[in-house]
Structure formats: structure tokens, C-alpha cells
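So the structure is just underneath, and the comments pick up after that.
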Amino acid sequence: MKISRGKINTKPSKKTDNQFHSRFQKVKILRPRFLEIGKKIGTPLYLYDKEEVQKNVQTFKNAFKKEGLNINIFFATKSNYYPGILRTVVQEKEGLDVSSERELKLAIEAKAEKIVYTGPGKTEKDFELILKYHKKITVNLESIRELKLLAEMAENKKATMRCGVRIYTKMQTGWTKFGIPLENLKTFFHEARKHKSINFCGIHFHISYNKNPEKYVKTFKILSEYLKENFTENERKQFQYIDMGGGFYPQPFEGTHPWNREEDSMEVPDEKTLISTKPGKRYIPIKVDPIEKFAKEISKIYKKEILPILPNISLYAEPGRYICHSAMHMIFKIIDIKNPHLGITDGSNNMIGWERYQFFHYVPLFNLSQFDQKNEIPFITYGSLCTPDDVWGYYIYTKKTPKEGDILVMPFQGAYTYTFAQNFIKEIPPVYDL
Ligand SMILES: Cc1ncc(COP(=O)(O)O)c(C=O)c1O
């Protein structure tokens, strides 16, 4: 079915802290299309917004370009595996980061030519598939066991496998199930060099939820000191890439609930408290540095501490959330009004697979049928799963009290939602490409 295209201004907002404003604008522009799709195709639906992926890839890339660095993006498939997103990233000439057979198959279907394979506990079966596509893949190894197993399997196939190793430092506290401690890099390097089937040339690290560049900068500093002390100039020439993983928190279209600032509780205040909370007090904004600041600080340390000692190096990153966070919207319809402050929708939290809005994040919810971006009223929007843990939000932008049949949108919800969706009670709804 053909749905008319509205004119969309996807230019990033000049004021980086004004994300809410520019996104409200986009919702306003897209509203007729959202409504038309909801009525013609039906609800609930995910809407895939390709232009957001294109914009996010370009903004990420340009932030580093402005600092004189070419960054190689490998989009983290785990953050949203929707094939449309993977295809868009590939069309933008970037790569994919995969962590399982399932994700590798998706990457191959999306015609990815550049793939990094990360993740712990790789098995013989994983390596069989990796070796089948070895020309497109760089493997970030996690242990000596993985190294020896892959080396042997690659040798049997007479293939050479491009590999690096994942390391952790004190900046990756809590992530020690991954990779090897930095102190063991030298031993790992010499072990890898024994195997002709392994082209060992990379270093990988990752840490999630970075709201500023500090952890990348400090990891580069620690790494540089270690490499200077433990590797000869000739050995350092062997390194071809540093993969700094993902974790770049985008400027969010979400806030934390004021009663759960630390995002560590699963308790909700009573309905009376929720309903009486005044506008302006309903969420706490999440403070995040713009990507330009990340790029500036990372580039500075990289040029100062890494490039001079690793002359053949390229910089890789595996952003997930940053690329896909704004690339999906969810539309659903009010089925039942239980009282003026409580309604139930056809779309439910199995669409996102966790109690994100109920306990942790406020995200603006819009009534498309009674559209008013100035009037946010207290209204608890529940999904229709047979459990109380199924909440979209406690407030809604609407002209008047929502009615049965009204279509709602929860916009810009692409990261770790669709990918966590589950057939819990209800089917996972389809995706419609905008
Ligand atoms: C190895 C690796 N790379 C990239 C990512 C993507 O992280 P994010 O979506 O926060 O950018 C993850 C997520 O956990 C990861 O484990």
C-alpha cells in the first residue's frame, strides 16, 4: 500500500541540547503520515525511519572528519537487527558489528562487505561460519582458547583470518568477562604470531552508556603507556586497527523518572502522586555531551598518544544506540478507557521486551488523533498484556482526554527495543518502512 511522503527536515538541531524541540517538530510534520499509516495498515506497528539512520551515520562520521580522522563505523547489530537498518548502514558504505551466527547471517543478507565479529565464548560452529565468509570479517578474539581453535580451523581451510583481541583496563570495570586484561596483551600477541593462519593486527575495547568521552580518552592513555613499555617499534607496526567499541550515548529523547533518578529501582509511586505531578517535574533530563565533543576529545588523545606509536593504525567504532536510537517509532491505538486518567492500548510492552517506560525512562507520548504539543496531561497508558507490568507512560500530549480509537505515537524508540521484543502473550507487530 502506498502512503504519501511528507516533507521532513532531518537536519540536526543547531542547539545540541535542544533535541526535544527538534524532535517535537519532526513529530508534528510526520503526524499526517503516522495517522494515515495507522488507519490504512492498522496498529500496533513499528515504523522504520531510514532518514534517521542516514543522518546519525553522517553526523557520527562528520564529527570525526572535522577533527581530521576517518572513522570506520561498524554498526552494532545487537542494538537493532531490523534488516532495513542493516541495509541502510551498508548503503552508507559502513560496516556491521555482529556477535553471533544469527547476526552474521543477517549481515551477509544485508550484503555487508565489512564485518567485525565480537563477543565472548565463540565456538567451533561460530568459527565455521566465520571462516566461510573470512574475507569480509575481522574477528575480535576473547581468549587464548579462541585463538588456538580459530588458528587450527583456519589452517585446515588454508585461510588467513584477520584478528584482534579484546582487552580490558580499569576503565572497563564490571566488563571483565570479556577479553583479556591489558597486562596479557604482550603474551597474546606472541602466541598469535606463532600461527601463520592468523593475521593478528588489532586491539578492541568496549564499555557501554558513555555520556561523555572520559572513558575512551583514559583507555587510550593507558593503552599507549602499555604499548610503549611492552612492544618494540617493529612490533607496534603490526597493528592495523584499534576498535573502541560502542557506548556513545546519543542526545536523548528521554528523561529519567524523578522518583528513580539512579535507574536502580522497580517501584512506582501511587497513581495519585503520579497524576498530581506538575509539568516541568515529570522527568529529569539526561545530560549527555554532543558527539562533536566525543570526537574532539577522542581525536586529540588518539593523535597525541596513539598515532605516533602505531603508525599503521585505523580507528574503528561500533556504535549501536547512537545510530538506531531515533530510527523507529511505535504507533498503537487506545482500545479501552477505564477512567479519565487510565487507558489501554492495542500495542504492548512485548514490543520493547522490558519495563523501560514503567520504571526507568520518561518519553513523550503523543495523541495523534487529538494532537496538541503544548498540553501534556496526566494519563496512564497501559498496554494490553495480561500483566500490570505493561506501561507506556504516565502522561500524554493531547488536546482533550484521550478517547477509544485514538492513535498514539511513541517516537524515536529504535535502540534496544525492537531487538528485545518478545512473543510474550502477544505477537511481535510488523515493521512498516516510512
Ligand atoms: C562489543 C560491543 N560493541 C558495541 C556495542 C554497542 O553499544 P551501544 O549500543 O551502547 O553503542 C555493544 C553493546 O553492548 C557491545 O557489547
Margin query: Restricting to the stretch 63-98, count the residues that are surrounded by fewer than 19 Cβ atoms within 10 Å (Cβ to Cβ), out of contact with any Asp or Glu (no Cβ under 9 Å at 6 or more places or on another chain) and not charged (D, E, K, R).
Written below: 4
Next item on the list: Out of the residues in the stretch 143-174 that are among the charged types (D, E, K, R) and within 15 Å of the ligand (Cβ to nearest atom), state the one that is farthest from ILE198 (Cα to Cα).
Entry: ARG166
Next item on the list: Report, by residue number, each residue of the stretch 175-187 that is more than 16 Å from the ligand (Cβ to nearest atom) and in a strand (DSSP E or B).
Entry: PRO181
Checklist line | Positions within the stretch 247-283 being within 16 Å of TYR362 (Cα to Cα), within 16 Å of the ligand (Cβ to nearest atom) and either crowded, with 19+ Cβ neighbours inside 10 Å or in the same structural domain as GLU355 (by TED's automatic domain parsing) (or both), in sequence order | finding: PRO250, GLN251, PRO252, PHE253, GLU254
Notebook entry, point to check: Are any of the residues in the stretch 246-258 farther than 27 Å from ASP97 by Cβ, in a helix (DSSP H, G or I) and without any contact (Cβ under 8 Å) to a residue 24 or more places away in the chain?
Noted result: no
Next item on the list: Please find, within the stretch 91-111, the residue that is nearest to GLU142 (Cα to Cα) out of those that are in a helix (DSSP H, G or I) and touching a strand residue (DSSP E or B) at 6+ places or on another chain (Cβ under 7 Å).
Entry: LEU104
Margin query: Please go through the stretch 61-81 and give me each residue that is within 14 Å of the ligand (Cβ to nearest atom) and farther than 20 Å from ASN140 by Cβ, ordered by number.
Written below: ASN80
Note to self: Need the failing condition index for GLU214 against (1) away from the ligand (no atom under 16 Å from the Cβ); (2) surrounded by fewer than 16 Cβ atoms within 10 Å (Cβ to Cβ), just the number.
What the structure shows: (1)
Margin query: Return the residues of the stretch 236-253 that are over 21 Å from ILE207 (Cα atoms) and touching a Phe, Trp or Tyr at 6+ places or on another chain (Cβ under 9 Å); say none if nothing qualifies.
Written below: GLN238, PHE239, PHE253
Check: Does the stretch 230-242 contain at least one residue that is touching a His at 6+ places or on another chain (Cβ under 8 Å) and without any contact (Cβ under 8 Å) to a residue 60 or more places away in the chain?
Finding: no
Next item on the list: Give me the pairs, please: first residue somewhere in the stretch 317-343 and farther than 14 Å from GLN58 by Cα and acidic (Asp, Glu), second residue anywhere and more than 16 Å from the ligand (Cβ to nearest atom) and modelled with pLDDT of 95 or more, beta-carbon distance under 6 Å, and either six or more positions apart or on two chains.
Entry: ASP336/ILE344
Next item on the list: Identify all residues within the stretch 137-183 that are crowded, with 20+ Cβ neighbours inside 10 Å and basic (Lys, Arg); write none if there are none.
Entry: ARG166
Note to self: Checking the structure you have, find out if any residue of the stretch 188-202 is more than 28 Å from LYS158 (Cβ to Cβ) and either more than 16 Å from the ligand (Cβ to nearest atom) or not assigned by TED's automatic domain parsing to the domain that holds LYS122 (or both).
What the structure shows: no
Check: For residues in the stretch 121-142 being out of contact with any helix residue (DSSP H, G or I) (no Cβ under 9 Å at 6 or more places or on another chain) and within 16 Å of the ligand (Cβ to nearest atom), which is farthest from PHE239 (Cα to Cα)?
Finding: GLU142
Margin query: Can you name every one of the strands (runs of 3 or more DSSP E) wholly within the stretch 284-367 that holds 3 or more residues which are modelled with pLDDT of 95 or more, under 22 Å from LYS211 (Cα atoms) and within 16 Å of the ligand (Cβ to nearest atom)?
Written below: 314-317
Margin query: If GLY347 satisfies all but one of (1) outside the structural domain of THR401 (by TED's automatic domain parsing); (2) in contact with a strand residue (DSSP E or B) (Cβ under 7 Å, 6 or more places away or on another chain), what's the number of the condition it fails?
Written below: (1)
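The values are calculated or read from the model by the stated rules, or taken from the named source; none is laboratory data. Being a predicted model, the structure only gives us computed values, none of them experimental. Cβ coordinates were reconstructed from backbone atoms using ideal geometry, including for glycine residues, and neighbour counts include every protein chain displayed.
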